[in-house]
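Following: one structure in structure tokens, then a few remarks.
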Amino acid sequence: MPDKTDRDRHRQRQYAYTAVYVLLSLGLLMWLNQSLVRAGRVQEASYSDFLKSLEAKRVVEVAIGSEFIVWQEGEGKDAKRFRAVRLPGVDDGRLIERLEQAGAKFTGVPQDDFWSNLFVWTFPTLLLIAFWAWSVRRLPGATQALSLGRSRAKIWDESSVKVTFADVAGVEEAVEELREVVDFLKHPERYARIGARIPKGVLLVGPPGTGKTLLARATAGEAGVPFFSISGADFVEMFVGVGAARVRELFQQARQKAPCIVFIDEIDTIGKSRAGARSPVSHEEREQTLNQLLVEMDGFDSSAGVIIMAATNRPDVLDPALRRPGRFDRQIVIDSPDMNGREAILKVHARNVKLAGDVDLRIIAARTPGFSGAELANVINEAALIAVRRGRDTVCMEDFDEAVDRVLAGLERKSRALGEHERAVVAHHEMGHALLGMMLPHADPVHKVSIVPRGSAALGVTIQTPIEDRYLLTEPELRDRLTVILGGRAAEEVVFGHVSSGPADDLQRATSLASRMVKQFGMSGEIGPVALEELPSAYLGDGGPGLPAYSQETAKKVDAEVRRILEESYERARSILREHRDALTRLAQELLKREVMSGEELRNLLEQMGIRISEESTAAEPAP
Ligand code: ADP
Ligand code: MG
Ligand code: ZN
């Protein structure tokens, strides 16, 4: 059934838990009763049996109550106990005498069985209550009232956060930004005096294993403040209301210990957009937890000295409410490390490992494109393990080679680990964009070219920085732009003779730009200066494709014109790149080596090669 909500499923699970507990408890009660009765098992007998046993001197000990008489025969292991009802109304005057004769020990019992009954029934009951209370604590949702306020948030205090920025490598930009946070935590009064508003929330965004959690801890370690952390994953499997209570308690503790850092790891688990897809946490729980988080964040000003940090690798699914001013208004992006970054990370993790003389971490960095910090840490560890297994006392290059293979094999990374050929194709593709971006007079300057795989999406990227925000674009500018967009595909064709499926996205962008040129900007001679509008889709208002408000014949012409513009631009890209094929391949080789090149580096190389760079493209770059 499609509409079986998370909540329903949660209910069911809750019932299942309750049933299991009731059954367990009943079983326990029965077992306890049984064993208690067995321990003091007493056989029923008659008074005459007692007299016979007494005669035969088998009786060792006797307890005489007002209604019962209980006696024991035999000692130790073969001791047997019997019980007989005393004869009502008969005063056995000779009983004492007989007992003495038989040499049995005898005592009186004030009220038969009362105490033993009491014990047999109350003891298990008490035990049951204790067990129930214990289980309620273990299972946070079983009874809300009892489990509220039991925070599982892990708390590190000042002395135990030993991680500092020295343990984090390859993410210098992020560290620089976080230094400001550290400074604030160290000297909150300075900021308060001037009235500077420090960001309340810092959101760390990046692929898994790039060191987000590590950075958050290092920030606390660097500032020497307590670190309170809770993971969105802790809210998984939780019942409604508990998450919100935890958030409340977390912030309450944080306020008492300020200055400090509150860290919410994997915030996407609770901060998922309300419209978002399914998650393991029930909707209601997630929403309550999220709301509580928002309330807490709004509830105090940052001069209190509490900085809230959060990490996610799914910024796209986050509820927009989290990004509003006064909440997570500062975002720090942490990318997969480039080659220099990887080398730095390897260095950090190799600190405590004895390396042989032949080890060159730079070569290992070059061999591990797309590896995250966590994976690199793993490589070092694997290499050390391999060295130990081979009976060496230092780790040598051979061990590293095997470790890289092993880590690679352990990763299901079809989309990320590119083969040699694929990397070459991507490098030429990006260089095609970049080279044209540099050479065409009206193109935006190239800021950065990268073939560091980014998550699952793009294999490479060329970032251009517009010189200024432009509302007016001339036709030559748009044509240059089209040529740059198609340049990736053209480069692939020029160098390899065929194109890959990679540039599908480029084609889409180019097509939509060309079609706007024809339909909205009147830049096609064939169609003329006419704006061809589309009626918004009438029924659904869903932003779907509208109905063209022009004739079929015009539509055909539009298609032909769009095609013509695209073909011309593509041809232009191809011919320029063909002409500069040597430069293209040389630059692509360089990019393969360096993985990332800034606009500056690219310009220098082009100048060395004597290639004319368009004037506009050399204009000063605005800050990124
Ligand atoms: P994330 O939270 O981004 O998924 P973690 O912070 O949990 O990643 O990283 C896991 C481990 O990988 C860290 O404990 C550290 O050993 C290693 N690591 C990841 N990134 C780096 C880095 N930039 N520098 C040093 N070590 C790193
Ligand atoms: Mg993490
Ligand atoms: Zn492209």
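The values are calculated or read from the model by the stated rules, or taken from the named source; none is laboratory data. As the structure is a computational prediction, the values presented were derived from the model and not from experiment. So basically every Cβ, Gly included, is an ideal-geometry build from the backbone, and we count neighbours across all protein chains shown. To get the accessible areas, we keep the full protein, side chains included, count just its heavy atoms, and leave off ligands, DNA and RNA. Shrake-Rupley method; radii C 1.70, N 1.55, O 1.52, S 1.80 Å.
Order these peptides, 50-56, 587-593, by their mean beta-carbon neighbour count within 10 angstrom, highest first. Walk me through the intermediate numbers first.
On the way: 50-56: 15.9, 587-593: 19.6.
Those peptides, ordered most packed to least, come out 587-593, 50-56.
What is the packing order of peptides 317-329, 364-376, taking the mean over residues of other C-beta atoms within 10 Å and listing the highest first? Mind dumping the intermediate values first?
Working: 317-329: 16.7, 364-376: 22.5.
The densest-packed peptide leads the list: 364-376, 317-329.
At full extension, Leu28 and Ser46 could sit 3.1 nm farther apart than now, given 0.36 nm per residue minus the alpha carbon distance. Find the relative contact order for the range 154-333 and round it to a whole percent, using C-alpha pairs within less than 8 Å whose residues are 6+ positions apart. Reported as a whole number, the value is 34 percent.
Calculate, in nm to one decimal, what Thr164 and Arg255 gain on full extension: separation in residues at 0.36 nm each, minus their alpha carbon distance. Before the final figure, lay out the partial values.
Values: separation 91, 0.36 × 91 = 32.76 nm, distance 2.32 nm.
Fully extending the segment from Thr164 to Arg255 adds 30.4 nm.
For Arg406 and Glu422, the difference between the fully extended length at 0.36 nm per residue and the C-alpha to C-alpha distance is 3.6 nm.
Largest accessible area first, the listed residues Ile307, Ile363 line up as Ile363, Ile307 when surface is computed with a 1.4 Å probe on the assembled protein chains.
If R0 is 35 Å, what FRET efficiency do you get for Glu173 and Asp559 from their C-beta distance, rounded to 0.05?
Values: r = 45 Å, r/R0 = 1.29.
In this case the efficiency is close to 0.20.
Binning all Cα-Cα separations of the range 339-409 at 10 Å, short to long from zero, yields these whole-percent fractions: 22, 62, 15, 0.
Would you mind giving the three semi-axes, in whole Å and largest first, of the ellipsoid equivalent to the range 294-371 according to its Cα gyration tensor? List each step's numbers first, then the result.
Values: eigenvalues 316, 51, 13 Å².
Taking √(5λ) for each Cα gyration eigenvalue gives 40, 16, 8 Å.
Pairs over the 32 Å Cα-Cα cut-off, from the set Lys272/Lys556; Lys162/Lys593; Lys162/Lys354; Lys186/Lys212; Lys212/Lys448: Lys272/Lys556; Lys162/Lys593.
Hand me the GluC sites (Glu not before Pro) from the range 556-588 located in a DSSP loop with no more than 13 other Cβ atoms within 10 Å, in residue order please.
Details: sites: Glu561, Glu567, Glu568, Glu571, Glu579; in loops: none.
Here no loop site has a sparse enough neighbourhood.
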